[in-house]
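Engineer: One structure coming up, written as structure tokens, with questions to follow.
The values are calculated or read from the model by the stated rules, or taken from the named source; none is laboratory data. What you see is a predicted model, and the numbers here were worked out from it, not measured in a lab. Note that each Cβ is placed from the backbone with ideal geometry, even for glycine, and that neighbours are counted across all protein chains shown.
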Amino acid sequence: MTGVAPGVKVLLQVCGAEAASSCSYSGVVRYRVEELAAACGMSVDTVRFYQARGLLPRPDRDGRVVWYEERHRERLNAIREFKDRGFPLAMIGRVLSGDLDASGRALALALAGPLPGDETGAGPAERLDLAGLATRTGAPLPLLQALEREGLLVGRVEGEHPYTAADADTVFAGMALLAAGAPLSELLALARAHDDAMRAVADTAVDLFARYVRDPLRATAGSDEEASQDMVAALHAMLPAAESLVAHHFRRRLLAAARDRVARAGEAVEVEAGAAVQVDGDGYAQPGAEARRAG
């Protein structure tokens, strides 16, 4: 770029040749809305949507032209990172606005994962949308849409790709039950009943964590950093423990119910056999009253 002042040359290198118009000669990088969107890899409509939701500060106006700065680009990149980690927009707004204290932000980030029990590997966990989940499992998309609407299919995170390989495994398990002969309507009814019960258990567990773990740690920690570390450590320890307790208890209850059903069925068979055969005074089996009538 011969003939260009050294300072301007640096700005052009920072902004890119095609975005040269977005740089002011005062040394401050500025973007038009379409340039900002391109720099962040999103659409102009998305930028304006975030601005309308209050997630992006208002731009500067110079006559009829509005200008965005580096702080806007950094904010959009932060929003995208939070969304990729599964944060809902309301939570992103609270994090970016400073409504959450340090321990609250740390807990929110921890909940976005990865957490104990999540899929692990060399790279980030694969995320699927509903269509991708249908393709992965071979399940009919309308069925998965119905399960999602009823709250029976719950993603790991919010956003456009909320599902993971664990959700695919769950769909495979449901398809195995269908293949074994369980009617879809009965499985859906069972899933609704289980979901209702688990919502109550989950709400109670979260309240327990807040009252007896989070709040005392906030009150006794020597610093915000210490509270954040202790809170995340408690979450990582308690989540798999709670999950193991609930899964173990349900399995034992399921097996106990199955044994009771078998026992009741066996008692019915014994009653029927007793009606058909009676023992006389000498200990010999004789036809019962019902058997004699049948004969």
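Engineer: Working only within the stretch 206-245, note down all residues that are over 18 Å from the mean Cα position of the chain (by Cα) and among the β-branched types (Val, Ile, Thr).
Structural biologist: Scanning the stretch 206-245 gives VAL213, THR220.
Engineer: Criterion first (at pLDDT 90 or above, among the acidic types (Asp, Glu) and surrounded by 10 or more Cβ atoms within 10 Å (Cβ to Cβ)) does ASP224 satisfy it? Give the derivation first.
Structural biologist: Details: at pLDDT 90 or above: no; among the acidic types (Asp, Glu): yes; surrounded by 10 or more Cβ atoms within 10 Å (Cβ to Cβ): yes.
No.
Engineer: Restricting to the stretch 159-189, what's the tally of residues that are in a loop (DSSP other than H, G, I, E, B) and charged (D, E, K, R)? Don't jump to the end; show me each part of the working.
Structural biologist: Filtering the stretch 159-189 for residues in a loop (DSSP other than H, G, I, E, B) gives 159-162, 164, 180-183.
Next cut, charged (D, E, K, R) only: 160.
Number satisfying all stated conditions: 1.
Engineer: Looking at the stretch 38-47 only, could you name the residues that are under 28 Å from the mean Cα position of the chain (by Cα), among the aliphatic types (A, V, I, L, M) and either buried (at least 19 other Cβ atoms within 10 Å of the Cβ) or closer than 15 Å to ASP60 by Cα (or both)?
Structural biologist: Residue satisfying the conditions is VAL47 alone.
Engineer: A further question on this structure: Look through ARG218, ARG264, ARG192, ARG156 and report the one residue that is under 30 Å from PRO142 (Cα atoms), in a helix (DSSP H, G or I) and either in contact with a Gly (Cβ under 9 Å, 6 or more places away or on another chain) or modelled with pLDDT under 90 (or both). Before the answer, list the steps.
Structural biologist: Values: ARG218 fails: under 30 Å from PRO142 (Cα atoms); ARG264 fails: under 30 Å from PRO142 (Cα atoms); ARG156 fails: in a helix (DSSP H, G or I).
Step by step, each of ARG218, ARG264, ARG192, ARG156 is checked, and only ARG192 is under 30 Å from PRO142 (Cα atoms), in a helix (DSSP H, G or I) and either in contact with a Gly (Cβ under 9 Å, 6 or more places away or on another chain) or modelled with pLDDT under 90 (or both).
Engineer: Output yes when any residue across the stretch 104-113 is modelled with pLDDT of 75 or more, farther than 30 Å from ALA241 by Cα and touching a helix residue (DSSP H, G or I) at 6+ places or on another chain (Cβ under 8 Å), and no when none is.
Structural biologist: no
Engineer: I've got another one for you. What number goes with the only condition from (1) closer than 17 Å to HIS161 by Cα; (2) at pLDDT 90 or above that PHE49 does not pass?
Structural biologist: Only one criterion in (1) closer than 17 Å to HIS161 by Cα; (2) at pLDDT 90 or above is unmet by PHE49, namely (1).
Engineer: Looking at (1) surrounded by 16 or more Cβ atoms within 10 Å (Cβ to Cβ); (2) farther than 22 Å from ARG214 by Cα; (3) not charged (D, E, K, R), can you tell me which one LEU141 breaks?
Structural biologist: (1)
Engineer: If I ask for residues that are in a helix (DSSP H, G or I), of a type in the set (D, E, K, R), surrounded by 14 or more Cβ atoms within 10 Å (Cβ to Cβ) and under 21 Å from the mean Cα position of the chain (by Cα), which ones from the stretch 60-116 would you list?
Structural biologist: Matches in the stretch 60-116: ARG80, LYS83, ASP84, ARG94, ARG105.
Engineer: Looking at the stretch 59-73, I want the residues that are at negative phi and have a partner that is in a loop (DSSP other than H, G, I, E, B) with Cβ atoms under 6 Å, at least 6 apart or on another chain. Which pairs are those?
Structural biologist: VAL66/PRO59; TRP67/PRO59; TYR68/PRO59
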